[in-house]
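The values are calculated or read from the model by the stated rules, or taken from the named source; none is laboratory data. All figures in this text were calculated on a predicted structure; none of them were measured in a lab. FYI the Cβ positions are ideal-geometry reconstructions off the backbone, even for glycines, and counts take in every protein chain you see. Side chains included, ligands, DNA and RNA excluded: accessible areas come from the protein's heavy atoms. Shrake-Rupley method; radii C 1.70, N 1.55, O 1.52, S 1.80 Å.
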Amino acid sequence: MKRVVSCLALLVLLVAATAATAEEKRKAGDVVWAEWKPNSWFHGKIAKVDGKDFHIVFDDGDKSIVDASKIVLDRAPKKDMVKVDTRVLAKFKQGRFYPAKITKIDGDRYHIKFDDGDVGKVTLDDLRLFGE
C-alpha cells in the first residue's frame, strides 16, 4: 500500500513539474496566439506575466489580460511532439489559427478536426501546441 501511495505522489509531482515547466517557457517578449474571445485567436506578444495572467499586446494594438490556458507560443512543434489526439492550434484560412485535434498522421501531413467540426490537412509548420 505504501508503495502505491508513493508512486501516486511521485506521479502527481511529475505532472505538476511538467505543467510548471510549460508555463515557465512563456515569458514577456514571447510571440503568441492568444484567445481574445471564445474561439477567436489572434497574434500578439506577451508584454507582462503576472502569475497565471498574461498581459497581451495584440498585433492590431488591442490589449488584454489572458489566462495561461488561452495562450500558445507561435512556433511549430518538433515532429516527435505531435501524435494522434494531440490538442493543437492549427492554421485554417487566411493564416488564422483555431483549436483542433490531430486525427491522423500521414507522412508529413496532419489530418485535423477543428473544434467547430471542420476538417483539414496541414503540415507541421501549420501547427502550434497548447501547454508549450
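Inside region 40-51, residues that are open to solvent by 60 Å² or more (accessible area, probe 1.4 Å) and touching a Leu at 6+ places or on another chain (Cβ under 7 Å) make up a count of 0.
Give the residues of region 93-111 that are within 14 Å of LEU129 (Cβ to Cβ) and either assigned to a loop (DSSP other than H, G, I, E, B) or more than 15 Å from the chain's Cα centre (by Cα) (or both), sorted by residue number. Listed by number, the list holds a single entry, TYR110. Just the residues that are closer than 14 Å to LYS45 by Cβ, open to solvent by 80 Å² or more (accessible area, probe 1.4 Å) and part of a loop (DSSP other than H, G, I, E, B), please, taken from region 62-85. The answer is ARG75, and nothing else.
What is the residue count in region 38-61 for residues that are in a loop (DSSP other than H, G, I, E, B) and free of Cβ contacts under 8 Å to residues at least 12 places away in the same chain?
Residues flagged as in a loop (DSSP other than H, G, I, E, B) and free of Cβ contacts under 8 Å to residues at least 12 places away in the same chain within region 38-61 amount to 3.
Consider region 24-37 and keep the residues that are among the charged types (D, E, K, R) and either part of a strand (DSSP E or B) or closer than 18 Å to PHE114 by Cα (or both). The one that is most open to solvent (accessible area, probe 1.4 Å) is LYS37. Looking only at residues in region 86-95 that are touching a residue at least 40 places away in the same chain (Cβ under 8 Å) and not aliphatic (A, V, I, L, M), the one that is least open to solvent (accessible area, probe 1.4 Å) is THR86. The set of residues from region 52-61 being open to solvent by 60 Å² or more (accessible area, probe 1.4 Å) and either at pLDDT below 95 or on the phi > 0 side of the Ramachandran plot (or both) comprises LYS52, ASP53. Residues that are closer than 16 Å to PRO38 by Cα and in a strand (DSSP E or B) within region 112-129 comprise just one, PHE114.
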